[in-house]
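> Pasting in a structure now, in structure tokens, and then I'll have a few things to ask.
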Amino acid sequence: MTTDALDHRLLRALLDTAADLAELADTESVLASIVRRTRALVGTDMAYLSLNDHAAGETYIRRAEGVVTHAYRTIRMPIGTGVLGKVAEGLAPFQSLDYSNDPTITHIPQVDHAVQAEGVHAIMGSPLVVDGRPLGALMVAERRARRFTHSEVTIVESLAKHAAIAIQNAHRYTEALNAVGRADADRDHERQSLRELTRLDELSSRQCQSLLEEPNETAVLNRAAEHLGVEVELLSPERPTSPLRPAPALPSRHTAGVAHQVVAPDGCTWTLVAADRDARDWLAVRRALDPAEERALCRTAQHLLLARRLRSARRATELEAGAGLLAELVDDSAGGIVRRRRALAELGLREDSQVSLVVIDLAAVPEPQFAERVLSPVAGVRLSAPRGGTWCVVGDRPDVPARVEAAVRHATEAVWQMAFLGPGEHFRDLPGAFHTLENALAVSRVAGGLHAVDASTVGAVGMVLAGAGEASKDVTARPLAPLRDLPPQRASALRETALAYLDAGMNVTETSRRLFLHRNTVLQRLEQLGAVLGSDWHTPPRSLDLHLALLSAARDDGGAPGAPPARSQPRRRAEELRRSRERTRE
């Protein structure tokens with residue numbers, strides 16, 4: 001099973017477990033649900049849960065699934081011994097590939113006999129810890145020797161965290177119900193505890209429902225704010241609060257599930273709870289909270305982590321689905337037309353739809369949220385997906401290329417190039433359209449200074465220069481070598497005239513019109529070109545070499561390969577015309 005599939009199963013199981021446990025009130029029902037779900041999700045021979053007797057210094061199996069012998073089902077052992085006792089210490093998950101032959105653990109003969117009678121070899125488990133206090137252990141075991149995978153350890157560890165909270169809540173709920181019958185002096189206090197636990201369960205139910213509807217951090221924070229009656233913020237070193245409301249210094253160390261009271265520079269007390277294992281983000285409330293409210297904030301931190309994991313899994317699924325649709329759209333095989341039609345239907349488009357296509361090449365690898373954060377919000381974008389190291393966009397509006405360019409320019413400072421086509425009926429030959437875009441993107445890379453290029457305007461010469469890449473510079477520069485010995489201004493004027501002359505089909509009148517120069521000035525420059533380059537410079541095959549060289553030089557000066565030559569500025573045109581007239585009078 002793939003990691004994504006395991007993650008999806010884990011997230012779904014966590015959400016289902018959290019929703020079920022929120023509805024269970026008695027401890028036995030909670031324990032039975034936890035053990036049953038753990039065994040089913042990991043797929044092991046057995047699963048069991050132990051609770052710690054701290055007064056006796058022992059941990060004992062309270063609930064088991066798949067265990068056949070009475071001796072194993074009633075194991076009771078000192079905390080710190082064997083695999084079960086080692087996990088029950090509450091430090092970290094632990095596993096043994098073959099318990100009976102494992103010299104790294106402390107063995108107890110009575111327990112070893114029970115293990116051998118049950119036929120158990122591999123054992124793994126994760127501690128049940130709440131507020132830094134170990135409650136017991138959640139274990140799985142196999143009747144064969146093997147190593148449990150990282151994904152399986154993660155599954156048991158995640159379920160153990162929810163199990164610990166559920167067990168504690170069930171204990172508290174039962175204790176609160178029993179306390180109702182106590183002395184009248186304690187009755188009001190116990191009823192308040194019951195109300196707090198009920199409200200906490202209601203908060204969990206609302207947050208679980210929000211996650212099922214949309215795995216959104218904002219929704220989780222909003223439910224917590226409604227519960228606490230105060231804004232719940234997410235702080236980090238990269239996301240401080242407003243200067244008008246200074247945030248407190250974030251704790252350098254933290255314990256999972258523990259709230260911190262911190263005083264900000266303005267004297268205001270904040271309550272903080274780490275929002276992730278590495279304490280990169282903190283849930284923050286701008287006032288001191290009572291213990292019940294602190295528990296609600298800690299619960300919110302766990303649901304926030306679930307929201308992030310679920311959203312990450314959904315993002316990966318959507319990205320994979322988008323890449324699959326794109327692969328079908330550009331499939332030029334014999335059955336490609338059928339797959340293209342199916343992909344078009346998925347996007348809500350027809351074969352004759354007027355669409356715009358964009359291909360983006362980022363110099364740096366973008367973060368996984370690039371498409372979701374930058375491309376998908378652009379109006380008119382129907383599909384954004386990776387393909388061969390680039391990002392491809394399909395849109396149904398004519399302004400999609402401009403909007404995508406603006407979004408990418410705003411989102412990243414890294415070097416990037418973009419090629420686009422649109423709008424048009426590109427779906428009639430999608431593989432050919434994307435091939436054109438890839439060629440245009442190569443032109444944009446060669447041009448260097450360009451960020452975006454219209455693939456429909458690149459032209460054949462541009463494709464030749466792009467195909468040659470950097471190797472073309474030396475080759476194309478050779479025909480213009482004689483001009484290097486001239487003064488820069490004169491060499492530039494001769495190059496401009498030669499390019500316009502060849503572009504105009506060697507028509508002097510058209511050349512003078514393009515350059516806004518007198519005909520005689522053009523003739524004089526052509527004579528000078530003949531003197532410098534040779535009289536056959538404008539006849540094939542030399543004319544083709546020179547034309548490519550001139551286009552390459554124009555590209556390096558800031559123009560796109562294959563584009564028309566840049567015209568002179570108005571002031572320069574007038575000056576050239578004035579000088580030409582003076583020379584004519586002379």
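> Quick check on V156: is it surrounded by 16 or more Cβ atoms within 10 Å (Cβ to Cβ), assigned by TED's automatic domain parsing to the domain that holds P78 and not in a helix (DSSP H, G or I)?
It is false that V156 is surrounded by 16 or more Cβ atoms within 10 Å (Cβ to Cβ), assigned by TED's automatic domain parsing to the domain that holds P78 and not in a helix (DSSP H, G or I).
> Here is a follow-up. Can you list residue pairs whose Cβ atoms sit under 6 Å apart, with the first residue in region 87-112 being within 23 Å of S151 (Cα to Cα) and the second being among the aromatic types (F, W, Y) and in a loop (DSSP other than H, G, I, E, B)? Count only pairs 6 or more apart in sequence or on different chains.
Q95/F148
> Among the listed residues R172, R146, identify the single one that is touching a helix residue (DSSP H, G or I) at 6+ places or on another chain (Cβ under 6 Å), farther than 15 Å from R37 by Cβ, surrounded by fewer than 21 Cβ atoms within 10 Å (Cβ to Cβ) and charged (D, E, K, R).
R172
> Please enumerate the residues belonging to region 59-86 that are surrounded by 17 or more Cβ atoms within 10 Å (Cβ to Cβ), out of contact with any Ser or Thr (no Cβ under 7 Å at 6 or more places or on another chain), outside any loop (DSSP other than H, G, I, E, B) and in contact (Cβ under 8 Å) with a residue 24 or more places away in the chain.
Result: R63, A64, E65, Y72.
The values are calculated or read from the model by the stated rules, or taken from the named source; none is laboratory data. Only a predicted model underlies this, so the values are computations on that prediction, with no experimental measurement involved. Positions of Cβ are generated from backbone atoms using ideal geometry, with glycine treated the same way; all protein chains shown enter the neighbour counts.
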